[in-house]
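Heads up, the thing below is written out as structure tokens.
The values are calculated or read from the model by the stated rules, or taken from the named source; none is laboratory data. Every value quoted in this text rests on a predicted model; they were computed, and no experiment measured them. Here the Cβ positions follow ideal geometry from the backbone for every residue, glycine too, while neighbour counts run over all protein chains shown.
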Amino acid sequence: MDEKLEYAEQWEVSSKYFYDKNYYNWMQTKIKDYNIILEVGCGTGYSTLSLLENGHKVIALDKNSECIEKAKMLIQQSGYSVGNLSDADVLFIKADIAVEEFYSQLLSSLHFDAVICWNVGSYWNKDTIRYYLPYMLEYGLNVFQIQQNPESSYSELILWNACKIAAIRNVPVHIVDRAGEIINETNDEYYCTLRAEFAFSDLDFDNLQADSVSGGGRMLVTNGSINREEIIETMLVSIFMK
Ligand SMILES: C[S@@+](CC[C@H](N)C(=O)[O-])C[C@H]1O[C@@H](n2cnc3c(N)ncnc32)[C@H](O)[C@@H]1O
């Protein structure tokens, strides 16, 4: 199966589980005061749906066209309209936020009140890493760090870009990360560096003990096959900066 489609089908399973468990609703409470949300990495649309149900308008970006197709279908089947935000609820755009063209050709035409980046960055393969290598080096990682930990290197690149978009437009950014433990101001060694780099004045943490179904997001692979039924405990870490 095409890799993009395979990813979309897997993430659809995980994100439906998140939706059914109301996790997106919890994430949304952190940005409830902001109307138009720029959603970085909308996936298959369950997070977008939750934003719409809570009254937001959404600009939903994703680099995976298969995810966008599934997201559009879900949103339309749920009774929301897709198109320009002047007369629709959600605008879908296929875009890669980590590359130069996003900044030079797209960003200035988008108008939004907050940026969100929920559960993004866990998907990579060797081609992904090769393609993004110059951007990761530009961001400040060295080749050794990237080789040692390609997954978190890619994740950092995406989070850094989400913060960069918010800082350029002087709006808040809300990140949700999946972690093995509670992360807050007492043990955080990473988000405080993003806050300093982009000169955000506030940094707020919250944590939700959650679980996640494997088979989406390539979370649990044993001997090359994905354990779809397996439920994994995870901490959803909310990081809000403005
Ligand atoms: C794990 S899903 C999360 C989707 C959604 N935020 C949610 O919480 O359900 C991550 C999504 O981010 C997208 N993504 C990853 N890197 C990206 C990039 N550089 N630009 C745009 N989208 C990206 C992937 O294609 C994928 O659909």
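Things to note:
- Candidate set from the stretch 128-176 (those that are within 13 Å of the ligand (Cβ to nearest atom) and not in a helix (DSSP H, G or I)); member that is farthest from residue 107 (Cα to Cα): 176
- Qualifying residue in the stretch 68-88 (condition: among the β-branched types (Val, Ile, Thr) and surrounded by fewer than 18 Cβ atoms within 10 Å (Cβ to Cβ)): yes
- Output for the stretch 34-54, where each listed residue is outside any loop (DSSP other than H, G, I, E, B), near the ligand (Cβ under 8 Å from one of its atoms) and more than 14 Å from residue 117 (Cβ to Cβ): 46
- Inside the stretch 55-64, residues that are within 12 Å of the ligand (Cβ to nearest atom) and either farther than 21 Å from residue 8 by Cα or of a type in the set (Gly, Ala, Ser) (or both) make up a count of 1.
- The number of residues in the stretch 157-184 that are over 17 Å from the mean Cα position of the chain (by Cα) and of a type in the set (Phe, Trp, Tyr) comes to 0.
- Residue 62 vs. criteria closer than 20 Å to residue 4 by Cβ and crowded, with 21+ Cβ neighbours inside 10 Å: yes
- Across the stretch 1-33, the number of residues qualifying as outside any helix (DSSP H, G or I), crowded, with 19+ Cβ neighbours inside 10 Å and not basic (Lys, Arg) comes to 1.
- Only one of the numbered conditions (1) over 27 Å from residue 65 (Cβ atoms); (2) at pLDDT 95 or above; (3) of a type in the set (Gly, Ala, Ser); (4) within 16 Å of the ligand (Cβ to nearest atom) is not met by residue 114, and that is (1).
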